[in-house]
Every structure is written in C-alpha cells, then in structure tokens.
Amino acid sequence: MKKVLAVAIVGVCLLLATGSNAQLIRFGVKGGLNFSNIKSFEDVSSVSSIKSFTGWHAGIFLGVKFVVVAVQADVVYSVEGVRFEDINNPGQFLDLENSYINIPLVAKFFILPPILNLQAGIQYGILTQSLIDGKENYEFDTGTLITIKDEFKSGGTSVVLGLGVEFSKLILDFRYNLGVSDLSATSLTVEKLKSGVFQLSAGFRFK
C-alpha cells in the first residue's frame, strides 16, 4: 500500500506539472552526500559504539512553481546507514549500508524570491539492498549468520525539512530526513529503529 501511495504522489506531481503553464515546469538532476545514523541500533545489535555513516545519493527531480511556492517530487537512489564497532573485533568499525529508492514530495516556500526557500514534506523509501562492509551476511552472535536485508522492513517513511538556495539553474539543498517508521523487521526487537539523514545536494535545473 505504501509503495502504491508513493507512486501516486509522484503521479499527482506529474499531472500538476503537465497541466500548468510550460514556464512553470521545473526538472533536472541532483546528487550529493548523506550523513546518517540509526537511532537505537546500538541497543538492538548489542554493539558497544556507533558513529555517523557517510553515504551518497543521486537522482532526478520534477516540480512546478507558482510565484513564491513550488511543489517538487524527486526519485533518488540513496545509500544510508550507520558505522558501528565490530563485536567480533573490538576497536574495528564496520559500515552498515542500506540502499533505498527514495521518493520525497516537498513544498518549497520562497522567503527571499527567487533565491532562498524553506522546504517541508514527506518521503517514502524502498529498500533495495543491505550490506555490512560490502557483504550481505554478518555474524552478530557466534555461529549465527544473518542476512542483513532480512532484518529491515522493505520501506520506511520520513518527514523532510530543509533549506534551499537557487542561483539561476544551479540548486543547492540542505535537508534533514527524520524517520518516523520503525525500520526493524524482527518482532523480537523491543527498541524501534529510526533513521536520521542529513543531506547536502547540488542540482542542475534544465528548465
């Protein structure tokens, strides 16, 4: 149902853009860095220390602008996760990498037209891959090898808050994606896993 909803949101944005004056349509490409973490991962996995993980994202955007307000939908491939201490080798750190196809829908409010805008919206992410240091399996407990992706739900919802700067066709976005849904797929997990991702993006608008 959530996947259908995400697709529907993008469809609505496309219809808005198609039905508007061609001068209002905005589309282009974007990419940048992710600085992410997963709340409660330390408690659930029993690791002794966790750190922020640095990943990346890249994709396309499409939207429509009405004077000082714009609506924009993105389709972005994003690598997020957390850095944690290897319980089997204390002092060494491993990277948990969750790859998503994220579909955010945001409203942009231009407080200093046409340069500066505030952003708010919602995002649904579809999990495509989970790795620990490039491997699909990890032994958290001695003799128990788990498939990383099986420990996470197929998708999750986030609230998007941000700030944008536009210089003609060059766009800079500073967003924080606050996870509001539990990422854990196991019923044995007491603590909920929720993501937090700070994104720095640079984009180029073709129109």
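Might you let me know whether region 32-52 holds any residue that is surrounded by fewer than 17 Cβ atoms within 10 Å (Cβ to Cβ), among the hydrophobic types (A, V, I, L, M, F, W, C), farther than 17 Å from Ser184 by Cα and at pLDDT below 95?
The answer is no, given that none of the residues of region 32-52 is surrounded by fewer than 17 Cβ atoms within 10 Å (Cβ to Cβ), among the hydrophobic types (A, V, I, L, M, F, W, C), farther than 17 Å from Ser184 by Cα and at pLDDT below 95.
Report, by residue number, each residue of region 180-201 that is assigned to a strand (DSSP E or B) and farther than 23 Å from Ile115 by Cα.
Hits for region 180-201 are Ser184, Lys194, Ser195, Gly196, Val197.
Which pairs turn up if I take residues in region 159-170 that are under 15 Å from Arg26 (Cβ atoms) and without any contact (Cβ under 8 Å) to a residue 40 or more places away in the chain and look for partners that are part of a strand (DSSP E or B) and among the aromatic types (Phe, Trp, Tyr) with beta carbon separation below 9 Å, at least 6 apart in sequence or on another chain?
Leu170/Phe204
If you go through region 120-135 one residue at a time, do you hit one that is among the aromatic types (Phe, Trp, Tyr) and surrounded by fewer than 19 Cβ atoms within 10 Å (Cβ to Cβ)?
Looking for residues that are among the aromatic types (Phe, Trp, Tyr) and surrounded by fewer than 19 Cβ atoms within 10 Å (Cβ to Cβ), one finds none in region 120-135, hence no.
Name the single residue, out of those in region 142-156 being in a helix (DSSP H, G or I) and in contact with a strand residue (DSSP E or B) (Cβ under 6 Å, 6 or more places away or on another chain), that is nearest to Phe204 (Cα to Cα).
Result: Lys149.
Where residues in region 56-79 are surrounded by fewer than 19 Cβ atoms within 10 Å (Cβ to Cβ) and out of contact with any helix residue (DSSP H, G or I) (no Cβ under 8 Å at 6 or more places or on another chain), which of them is modelled with the lowest pLDDT?
The qualifying residue modelled with the lowest pLDDT is Val67.
Residue-wise test of (1) aliphatic (A, V, I, L, M); (2) modelled with pLDDT under 90; (3) over 14 Å from the mean Cα position of the chain (by Cα); (4) not in a strand (DSSP E or B).
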residue: Leu131; (1), (2), (3), (4): yes, no, yes, no
residue: Ser158; (1), (2), (3), (4): no, no, no, no
residue: Leu161; (1), (2), (3), (4): yes, no, no, no
residue: Leu172; (1), (2), (3), (4): yes, no, yes, no
residue: Leu178; (1), (2), (3), (4): yes, no, no, no
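Under 8 Å by Cβ, and 6 or more places apart or on different chains, what pairs join a residue from region 120-139 that is among the polar types (S, T, N, Q) with one that is in a strand (DSSP E or B) and surrounded by fewer than 13 Cβ atoms within 10 Å (Cβ to Cβ)?
Every condition considered, the pairs that remain are Asn137/Leu145; Asn137/Thr147.
The values are calculated or read from the model by the stated rules, or taken from the named source; none is laboratory data. Not measured: the values here are computed from a predicted model. Virtual Cβ from ideal backbone geometry, glycine too; neighbours counted across all protein chains shown.
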